[in-house]
Amino acid sequence: MAATAATVVVNPYPRSLLAGLRWRIRLYVLLEGLSVAVIWLGLMFWISLGLDYLPVLVGASEMPALARGVLLAATAAVLAWLLYRFVLRRLFVRLADRSMALLLERKFQGFDESLVTAVEMAEVPDHASAFSRDLLDKTSDEAFAAAGDVRYGKVMNYGRLNLRLMAASALALSVAAFGALNASAFDTAAKRLYLLSNESWPRSASIRVAGIEVLRTAAPGQEAPRSVTVPFKNGLVKVAKGANVQLKVEADLAPKAKVVPQQCTIYYRTQNADGSRGERGSVVMSSFRDTTAFRNFWFDNKPFKGVLSTIQFDVVGFDHRVSGYRLEVVDSPAVVETKMDLTYPPYMVDEATSNFLPVTDQEYLPAGTFVPLGTQVKLKFKSNKPLKQAEILDVASGERTIIEIPTGKSEDRFTYAIDALKASATLEVSLLDTDNVATERPYRVFLTGIEDQSPQIEVRLAGIGSAVTPDVVVPVRGKISDDYAVNENWFDVQVNESGDPRQVKFALGKAGAVEQEIDFRRERGEKDGLLIKPGDRLYLAVKASDKYALADEPHTGVGDRYELDVVTPEQLLAMLEVREVGLRRRFELIIDEMTQMRDSLLRVKASLSASPLPGAASGAEPEDLRTDDQPDGQPLTPEQKAQREAELRLLRVQRAMQQSQKSVQEVLGVAAGFLDIREELINNRVDTEDRKNRLKEQIADPLNKTCAEEFPILDQRLAAAETLLREAGVTVAKDKAAPLADEAIDQANTVLTQLEDVLAKMQDLETYNELLEIVRDLLKDQEKLIERTQQERKRQTLEELK
């Protein structure tokens, strides 16, 4: 039986039918998977193109490369999944004949399971041996017979495949049409979407940020600061905090650009100092001016006015957007320290006293730095941050000096040298730091040049009046000073206007003191000495020169020029006697005023004692003491009368104090006048020692003593009385005030007595002078008589000879 079963042969089934179905299924899967892939790629092309290009139409930027990379990766990932899902996983699946037969049996009822039976019997011959050969043949025949009615179209769902193929074709054609109609745009899209190129989409407009405009120091000859455009480097510009800047944008004109924008929009966002986000907003640039090649836009309002924080911004002009710009705020460069090295002119240096030796690192004082002219000045500046360049303008000359600061350790320091300060200088220092930020306002340095002054001569002639004798000694007292040092000093003497000036050098005392004299009697005895005689006019001045060496000649100082008449001793005495008479008359007026002051005090005493004034007739009072009537003629009440009397007492005492203080100064002046006369007598070598002693011991010394001893006592007593009367007023205790008035009156009498004693001495001296004048007149008359006698004798002798 086993041998019989092995020899059973089953009729074949329609294998070609099943093979046709198999390859059609695989083709269907392949076409469907590829169409889905093409649909996905087409859709993603247009979606990516829209996401990348559509924002450009509204002035936004294209997708960044990162976003395009993410989108491309997502597209590739989904494409791989689609190919796997719709092609790879289905295309290589094993399609057995039995499966194909079952599929046909379901779609075509004419097989009546004959196709499946034939396939199974053929695939399992051992199983077929159990069945009748005729039955198997019949089944096979039925399968072949029904195969002629099979239509593969009923098995496949070509509708869905056709839709997908149509969609894929439409998308593919649209992409192809886009490439054919706008090859450059297609090329840009391919590069940007699939090669991730940063090539921008073509715009109708073309704009670019030209930079920012900042103010710099005015150039020579310009009063207003100059504006400088600073370009962005890698999208970055640094500006000083608080600066006012102007953003400048250029737009291409036709035909270079299809559209020329009428305005640009700035989209900005600020950044706080701590790094957090600040304000966001947008502003419109509508100000522009056309040139031959560009339309220049500018904007200088918020947020570019008074910039206090970092600004990030983009600019949009029609469909062109330029982005990624950053305006970073930094501290403005500033000078924080200024020192000076000073080397003074050689003529000023005094090594003995260490005056004006070279000075280093002297602080510059903005409130006032004074430097002698001719000094070498080296200014040393320090800034608050590293510098790239410093520019120094000499305001007076307009000269600019550019100092390039090398990169290194001392980028915050630089120096400026003035070889010799010739005049007061004003320097404007402008800084440019390594951030390319310049100072908006220059730092000013004021150097006030001190001119070398001529020596100051403060001298006078001591004991010399307007006239001198030929034997005079001219004392000179005072001081000569110079801002640095006196080199030479001398007397400049000239006899008459026609005479030649003569220089008589002398030495200075300590601290420039002048205590010198010219003895003309000794000069007359010398070979080249000065000779003066009565009738001459003597001109005398003191001069001095310093060590100034910055010009052809040193500076020379000249004191007061004195003009002195040369007279005989007799003439000088007569002139001095006239001065004595004037002083005596002045002194008599002082005594009269003191007498009136004393009488006023007597009235104060009388009002305190209620006794009538001495010399008052019929009890009548002086006009200024009448207290019985008011201005309207009405009698005063007792209280009013007492008040007025108190006011008058106080007024008289106050006037007495003023008179005492005035008189003491006048008496001192009189004493000084007599001493001056005595000094003139001594210096001119005239008159006797007795006369000189009387002027001093009998007049000047007593007056000075009275002023030093008696007048202060009088002032004290008057002050005590004035204090009591002022504080007590109407209620003054007469028993206390009267003694004070008596003391003041007694002291006034004492002063008057001493002054009158001196006046008597003056009168005695005047009598003595009058006698001398009579003698001098007699001697003059005698000389005239002798001269006339001699002339008469000559005349008689001449007549006898005839």
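The values are calculated or read from the model by the stated rules, or taken from the named source; none is laboratory data. Computed from a prediction, not measured in an experiment: that's the story for all the values here. Please note: Cβ atoms are built from the backbone with ideal geometry, for glycine as well, and neighbour counts cover all protein chains shown. Please note that ligands, DNA and RNA were not included when accessible areas were found on the heavy atoms of the full protein model with its side chains. Shrake-Rupley method; radii C 1.70, N 1.55, O 1.52, S 1.80 Å.
Quick look at the values:
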{"item": "Residue 446/residue 287 FRET efficiency (R0 45 Å; Cβ-Cβ; nearest 0.05)", "result": "0.65"}
{"item": "For the stretch 413-510, Kirkwood radius (reciprocal of mean inverse C-alpha pair distance, Å)", "result": "19.5 Å"}
{"item": "Lysines whose Cα lies under 26 Å from that of residue 248, excluding same-chain neighbours fewer than 8 positions away", "result": "233, 238, 256, 258, 302, 305, 388"}
{"item": "The stretch 426-504 and the stretch 648-671: distance between their alpha carbon centers, rounded to Å", "result": "43 Å"}
{"item": "With DNA, RNA and ligands ignored, accessible area of residue 298 (1.4 Å probe; Å², nearest 10)", "result": "70 Å²"}
{"item": "Interchain or long-range residues, amide H under 5 Å from residue 548's placed H", "result": "555"}
{"item": "Counting all C-alpha pairs of the stretch 231-302, share separated by more than 18 Å (%)", "result": "53 percent"}
{"item": "The stretch 324-366 - Rg over Rh from alpha carbon coordinates, Kirkwood radius", "result": "1.45"}
{"item": "Accessible-area ranking of 657, 166, largest first, probe 1.4 Å", "result": "166, 657"}
{"item": "Solvent accessible area, Å² - residue 397, 1.4 Å probe, full protein context", "result": "80 Å²"}
{"item": "Cβ-based charge dipole, the stretch 442-530, positive-most Cα from 525, 463, 506", "result": "463"}
{"item": "Per principal axis, descending, Cα span of the stretch 659-722 in whole Å", "result": "50, 16, 11"}
{"item": "FRET efficiency for residue 536 and residue 665, using Cβ-Cβ distance with R0 set to 41 Å, rounded to 0.05", "result": "0.60"}
{"item": "Whichever lysines have a C-alpha closer than 20 Å to that of residue 505, once near sequence neighbours (fewer than 8 apart) are set aside", "result": "479, 527, 543, 547"}
{"item": "Net lengthening on full extension, residue 419/residue 176 (0.36 nm per residue, minus Cα-Cα)", "result": "79.4 nm"}
{"item": "Radius ratio Rg over Rh of the stretch 354-453, counting only Cα atoms, Kirkwood formula for Rh", "result": "0.99"}
{"item": "Estimated inter-spin distance, residue 208 and residue 763, nm [label 7 Å along Cα→Cβ]", "result": "11.6 nm"}
{"item": "Cα Rg over Rh - the stretch 504-583, Kirkwood", "result": "1.09"}
{"item": "Using a Förster distance of 25 Å, the FRET efficiency for residue 89-residue 183 (Cβ separation, nearest 0.05)", "result": "0.05"}
{"item": "Length added when fully stretched, residue 263-residue 436, from 0.36 nm per residue minus Cα-Cα", "result": "59.3 nm"}
{"item": "Net length gained if the chain between residue 526 and residue 642 were fully extended (0.36 nm per residue, minus Cα distance)", "result": "33.7 nm"}
{"item": "Derived scalar couplings ³J(HN,Hα) [the stretch 591-600; Karplus, 6.51 cos²θ - 1.76 cosθ + 1.60; whole Hz; x for Gly, Pro]", "result": "5, 4, 5, 5, 5, 5, 5, 4, 5, 5"}
{"item": "Reciprocal mean inverse distance between Cα atoms of the stretch 164-302 - Kirkwood radius, Å", "result": "19.2 Å"}
